[in-house]
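J.: The structure that follows is given in the form of structure tokens.
Coordinate-derived values only; no laboratory data. Just so it is clear, the model here is predicted, and its values are computed rather than measured. Don't worry about glycine lacking a Cβ; one is built from the backbone with ideal geometry, like all the others, and counts go over all protein chains shown.
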Amino acid sequence: MSRQASVERNTNETRIKVSVNLDGTGKANLNSSMPFLDHMLDQIARHGLIDLDVHCDGDNHIDDHHSAEDVGITLGQAFAKAVGDKKGLTRYGHSYVPLDEALSRVVIDFSGRPGLEFDCEFRRASIGQFDVDLFFEFFQGFVNHALVTLHIDNLKGRNAHHQAETIFKAFGRALRMALTIDERQAGTIPSTKGSL
């Protein structure tokens, strides 16, 4: 079973191409036009063992908002396409990840219902040139189009870079768990409703 997908999304604000291989080795080819977001996307690839290719040309001369949100949207669309009918899917995933003083927890459900709870009080407004408010926009875009329920909690942290990195590493690990195929339920949908 091939769990790969490519999606292109073009608007007046952004032109984006995303390819994913959910059964990859963690290879990443990233050019989102936002260096710090590329660093975070690399965490998803490496810790989720997902091959990820992201290219975005956006109106960053205005600010990074449209690009960050639209990369999340397009990535979500690619995940929804790649995951397919969800037969045999573990469905749920969770992870706690520390980095020095920071600790984050991420829990995900490939439920078919979009929902985001994001709890992180960043200690500063930007990391390099990247506005920390845009992390929420990225994840909201992803959730709405991947059709997942996602809880993100930064439990501790003083350094904003560490806070963000623990979130994205935990997100990658939670994805890796949820996307694993459980051979014991091969061919079945992991829901009492019989659909997700």
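J.: I'd like the trypsin sites (Lys or Arg not before Pro) in segment 152-196 restricted to DSSP loop residues with at most 11 other Cβ atoms within 10 Å, sorted by number.
T.: Of the trypsin sites (Lys or Arg not before Pro), the ones in loops of segment 152-196 whose Cβ has at most 11 other Cβ atoms within 10 Å are Arg158, Lys193.
J.: Moving on to the next point. For Gly26, what residues show an amide H to amide H distance below 5 Å, using hydrogens built from the backbone and excluding near sequence neighbours?
T.: Ile50, Asp51
J.: Just want to confirm a number: the relative contact order over segment 1-75, from Cα pairs under 8 angstrom separated by 6+ residues, in percent.
T.: Across segment 1-75, relative contact order equals 35 percent.
J.: Applying the Karplus parametrisation 6.51 cos²θ - 1.76 cosθ + 1.60 with θ = phi - 60° to the phi angles of segment 18-32, what ³J(HN,Hα) value in whole Hz is obtained for each residue in order, glycine and proline being reported as x?
T.: Computed from phi, the couplings for segment 18-32 are 10, 10, 10, 10, 5, 10, x, 10, x, 6, 9, 10, 10, 8, 7 Hz.
J.: Ok, one more. What is the ratio of the Cα radius of gyration of segment 90-137 to 2.2 N^0.38 Å, with N the residue count, to two decimals?
T.: 1.40
J.: Same structure, new question: With Cβ to Cβ distances under 15 Å as the rule, what net charge do the other residues near Asp182 carry (K, R +1; D, E -1)?
T.: Net of charged neighbours comes to +2.
J.: Within segment 96-153, report the trypsin sites (Lys or Arg not before Pro) that DSSP leaves as loop and that have at most 16 other Cβ atoms within 10 Å.
T.: Taking segment 96-153 and a limit of 16 other Cβ atoms within 10 Å, the loop trypsin sites (Lys or Arg not before Pro) found are Arg123, Arg124.
J.: Exposure proxy check: Phe138, Phe130 ranked by fewest other beta carbons within 10 Å?
T.: Sorted ascending by nearby Cβ count, the order is Phe130, Phe138.
J.: Hey, another quick one. Ranking Glu117, Glu69 by Cβ neighbours within 10 Å, fewest first, what do you get?
T.: Glu117, Glu69
J.: List the lysines whose alpha-carbon lies under 22 Å from that of Lys17, not counting same-chain residues fewer than 8 positions away?
T.: Here the lysines satisfying the reach criterion relative to Lys17 are Lys27, Lys81.
J.: Between Asp100 and Asp182, what FRET efficiency comes out of the Förster formula 1/(1 + (r/R0)^6) with R0 = 35 Å and r the beta carbon distance, rounded to 0.05?
T.: The calculated FRET efficiency here is 0.55.
J.: Where the only charges are on Cβ atoms (+1 Lys, Arg; -1 Asp, Glu), what is the dipole of segment 4-185 about its Cα centre, to the nearest 20 debye?
T.: The calculation lands at about 720 debye.
J.: Only counting other Cβ atoms within 10 Å, I'd like Phe36, Phe142 sorted with the fewest neighbours first.
T.: So the residues, fewest neighbours to most, are Phe36, Phe142.
J.: For Ile127, enumerate residues with amide H under 5 Å from its amide H, sequence gap 5+ or separate chain, H modeled in the peptide plane.
T.: Close amide H contacts, sequence-distant or interchain: Val132.
J.: Stokes-Einstein at 20 °C, 1.002 mPa s, Kirkwood radius from Cα pairs: D for segment 129-196 in µm² s⁻¹?
T.: 149
J.: Which listed residue (His161, Ile181, Asn31) has the Cα farthest towards the positive end of the charge dipole for segment 4-185, taking +1 on Lys and Arg C-beta and -1 on Asp and Glu C-beta about the Cα centre?
T.: Toward the positive end, the furthest listed residue is Ile181.
J.: Counting only C-alpha contacts under 8 Å and six or more residues apart, can you give the relative contact order of the chain as a whole percent?
T.: Rounded, it is 27 percent for the chain.
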